[in-house]
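Here is the structure we will look at, set down as structure tokens.
The values are calculated or read from the model by the stated rules, or taken from the named source; none is laboratory data. Source: prediction; values computed, not measured. Cβ coordinates were reconstructed from backbone atoms using ideal geometry, including for glycine residues, and neighbour counts include every protein chain displayed. Just so you know, the surface numbers come from the protein's heavy atoms only, side chains and all, with ligands and any DNA or RNA stripped out. Shrake-Rupley method; radii C 1.70, N 1.55, O 1.52, S 1.80 Å.
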Amino acid sequence: MKSASLFQKEQVIESLKQSFVKLNPRLMIKNPIMYTVEVATVVMLFVTLYSIITPSQGSFAYNIAVFIILFVTLLFANFAEAIAEARGKAQADSLRKTREETPAKKVEGNKIVTVSSSQLKKGDVFVCEAGDVIPSDGEIIEGLASIDESAITGESAPVIREAGGDKSSVTGGTKVLSDHIKVMVTTQPGESFLDKMIALVEGASRQKTPNEIALTILLAGFTLVFVIVCVTLKPFADYSNTVITIASLISLFVCLIPTTIGGLLSAIGIAGMDRALRANVITKSGKAVETAGDIDTLLLDKTGTITIGNRKATHFHTAPGIDLHAFVENCLLSSLSDETPEGKSIVELGRESGIRMRSLNTTGARMIKFTAETKCSGVDLPDGTQIRKGAFDAIRKIVESAGNKFPKEVEEVIAAISSNGGTPLVVCVNQKVTGVIELQDIIKPGIQERFERLRKMGVKTVMVTGDNPLTAKYIAEKAGVDDFIAEAKPEDKMEYIENCQKNKVPVCMIGDGINDAPALKKADVGIAMGGVGSDIAIDAADIALVDDEVKELPHLLALSKRMMITIKCNMTFSMVLNFIAIVLAITGVLNPVVGALVHNGGSVFVIVNSALLLKCRKKINGNKCYRYNNRYFNFICRYFLRYKGKR
């Protein structure tokens, strides 16, 4: 799996440094709760120094202990924030690394020198052969080639690019599949496609969810209330001739403010992340799992997410009067030298038809490899038989050049295949059409059922693809998604996500390519394919699917909803327990020691309750995909909170 460790050594070291930098009050004030803790820490520093001179404010050991605890609390909170920011910077660094590490075969006079793609300037010329990754954006000035642009456009079918005309431009990061081209760089350093991706990733910012905003307001309100309580406590103590040290007031204040409730979110997040990992879902933060429960719209990149990604042979169509067995044999012979996934799938389909390659006589056969110029491949047999397999227009040219007619029945089959989102490969023997091989971008098995479950959970599914509208519509209907966006560019995905967020609609993006990285970063939740996904996409995402299957999405969303139930239950229990304890303390029933035990006991309860997420298991049917084995917890959620699990 192509993934980086969540806590890399370099990021941890940098985050530790940032933990101290973030102690700047101008930065801390953005978090009202931790800002008040910082103020209390500064006060305790002066009190600790003062206690060296006189013990009127308590012993030095007591004061220094309180100060250290407060200071470590601040550093820990800043460290968590710094880690998140470090990963955001790593996403752009990953893009830069891709740009810098791509080798370029630069032409200098009569020789070719290998340099880094980052050293290419506008006007430089480089060459690319089959298997090379194009290092920079440019124009082909010599030759033609078949190029895989799926990482950029999302289109699974390779395209032909050649010198001259409007099909001569190439994009950095795409891959040459065949032939040889010479390219002139057309962009200045910093203006290439990858540079634009870097700008999009760095410019995208994730908005806070409604749950985060509501929780922040609630905690800030509690903090203000307890500030007033602690400030007014001192005059009352002086009036009653009771000595209360500053350290005691600060300790009381820090214990009263809702730092415990904030800490509980981490416990819930850790439990949720661990449970998701058991389902082959790697989450980079507990917040990602929590946010997933609010998702209303799900954007899915087609290639590699909804479909397998490589076109596969699905059916053999014979021309009138042609024997099927003989046609399949010719198809396999024409694929002898075809090492592409499509060629291998033809051999596999022939095997399913009962014909194996080893049963064919290939002695003395001359292989004709595919080239972008001929757009076909095949074989010349020793008896003079010529078999060719290729694109419709290429084979028609061969047939008509020999004075033969192209059958109308075959043209109708080709039109039907194209209208269904497939790719037709025409086969001819001795310049006469014998049939058509149908290639389809195979939809992953079981995905329709997953989308149906998501629909029942209230989630709208939208397929995003670089395919033409006709192909996109066919795939969307076959996959069972609610809507689709055809001929989509990275900017189109970003625009759709921004429109959803403007309308307060939480959105999730699932993708695997370089072109998906900005959208994965911008969406409220970004999910990448862990196996086939690019490193850039995985870095930009919040969640990675280890087995490259969307089957665990209903699992993940149900787990997220359970996390929110746990949060509400814990917060309600904590507040009710504290309220009862305060009332009992005022009436004299609880002394400070018992009060401390009650407070800590409540914390233990909510931590154990959070850990129950690890015990949740699947239900075979119904929309409630998860349940807790703990009946008492269900009782609290359903009756005390009046929560029935439906949005």
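Give the dimensionless ratio obtained when the Cα radius of gyration of the stretch 465-526 is divided by 2.2 N^0.38 Å. Before the final figure, lay out the partial values.
Details: Rg = 11.9 Å, N = 62, 2.2 N^0.38 = 10.6 Å.
That works out to 1.13 for the stretch 465-526.
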query = In whole Å, what three semi-axes, largest first, describe the equivalent ellipsoid of the stretch 365-446 built from its Cα gyration tensor (square root of 5 times each eigenvalue)?
reply = 24, 16, 11
note = Taking the alpha-carbon centre of each part, the distance from the stretch 477-536 to the stretch 317-384 in Å is 39 Å
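With every protein chain kept in place and ligands, DNA and RNA left out, what is the accessible area per residue of the stretch 427-519? Probe 1.4 Å, answer in Å².
40 Å²
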query = Amide H of Ile141: which non-local residues (sequence gap of 5 or more, or other chain) have their own amide H closer than 5 Å, using H built in the peptide plane?
reply = Lys182, Val183, Met184
inquiry  = Using each residue's phi in the stretch 452-462, evaluate 6.51 cos²θ - 1.76 cosθ + 1.60 at θ = phi - 60° and report the 3J(HN,Hα) Karplus result to the nearest Hz, with x for Gly and Pro.
reply    = 5, 5, 5, 4, 5, 7, x, 9, 8, 9, 10
query = Dividing the convex hull volume of the alpha carbon atoms of the stretch 393-506 by its residue count, what do you get in Å³ per residue?
reply = 115 Å³
query = Ordering Met564, Met575 from largest to smallest accessible area (1.4 angstrom probe), what's the sequence?
reply = Met575, Met564
query = Taking a quarter of the surface of the convex hull around the Cα atoms of the stretch 430-490, what do you get in nm²?
reply = 6.3 nm²
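Can you work out D for the stretch 458-567 in µm² s⁻¹ from Stokes-Einstein, where Rh is the Kirkwood radius over C-alpha pairs, the temperature is 37 °C and the viscosity is 0.692 mPa s?
Working: Rh = 14.6 Å.
This corresponds to a translational diffusion coefficient of 224 µm²/s.
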remark   = Sequence order, the stretch 305-322: Karplus ³J(HN,Hα) from phi using 6.51 cos²θ - 1.76 cosθ + 1.60, θ = phi - 60°, Hz rounded, Gly and Pro as x, gives 10, 8, 10, 5, x, 9, 5, 10, 5, 10, 7, 9, 10, 8, 6, x, x, 9
message = Let me cross-check Asp294: its accessible surface, 1.4 Å probe, with only protein heavy atoms counted, in Å² to the nearest 10?
response = 30 Å²
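Could you put Ser150, Ser401, Ser345 in order of accessible surface area, largest first, with the 1.4 Å probe and the full protein assembly present? Display every interim value, and only then the final one.
Working: Ser150 35, Ser401 95, Ser345 5 Å².
So the residues, ranked largest to smallest area, are Ser401, Ser150, Ser345.
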ask   = Residues in the stretch 434-452 near a label at Asp323, defined as backbone nitrogen under 16 Å from the 7 Å Cα→Cβ point?
value = 434-435
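Of His317, His555, which has the most accessible area with a 1.4 Å probe, and how do the rest follow in descending order?
On the way: His317 45, His555 15 Å².
The most accessible residue leads, giving His317, His555.
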key: the stretch 436-448 - phi-based ³J(HN,Hα) in whole Hz, Karplus 6.51/-1.76/1.60, Gly and Pro as x   = 9, 9, 8, 10, 9, 7, 5, 6, 4, x, x, 6, 4
request  = For each pair in Lys122/Lys175; Lys344/Lys444; Lys106/Lys389, compute the distance between the two Cα atoms and list the pairs where it is over 25 Å.
outcome  = Lys106/Lys389
